[in-house]
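Since the structure comes first, as structure tokens, the remarks are kept for the end.
The values are calculated or read from the model by the stated rules, or taken from the named source; none is laboratory data. Keep in mind the model is a prediction, meaning the values are calculated, not measured. Cβ atoms come from the backbone with ideal geometry, glycine included; neighbour counts cover every protein chain shown.
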């Protein structure tokens with residue numbers, strides 16, 4: 001006898017629990033499929049025979065970790081040592097752009113516009129084709 005539980009969203013919670021109780025109280029014996037026990041025991045024996053995992057070499061990692069901590073600590077020390085001097089020299093005047101820099105910025109703007117238009121056309125094509133949504 002196949003008892004398939006299908007919850008009824010319109011029924012109350014008590015009706016669903018009664019259906020579960022009725023299914024669980026059935027006198028049917030649960031019998032595993034043929035070959036189940038041998039497959040499980042085979043996997044147990046494979047796991048028992050497997051060698052233990054290789055431990056992580058913490059002793060070899062510690063000098064590298066100490067070196068990295070020292071480099072970052074020294075960098076932070078130097079950063080904060082030169083920070084006041086750099087803040088005193090900071091100027092809030094607008095930069096003067098030469099004609100060459102203006103031309104370079106114009107070219108960069110055209111490249112950026114081309115990239116944006118390419119992206120928009122690709123998104124539009126994806127939408128028309130009904131493909132997957134982009135990331």
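Just one of (1) outside any loop (DSSP other than H, G, I, E, B); (2) modelled with pLDDT of 90 or more fails for residue 37. It is (2). Scanning segment 84-101 for residues that are surrounded by 10 or more Cβ atoms within 10 Å (Cβ to Cβ) and part of a helix (DSSP H, G or I) yields one hit, 101.
Output the qualifying pairs, or none if there are none: Cβ atoms under 9 angstrom, residues six or more apart or on different chains, first residue in segment 82-99 and on the phi < 0 side of the Ramachandran plot, second residue surrounded by 10 or more Cβ atoms within 10 Å (Cβ to Cβ) and assigned to a helix (DSSP H, G or I). Every condition considered, the pairs that remain are 95/101; 97/105.
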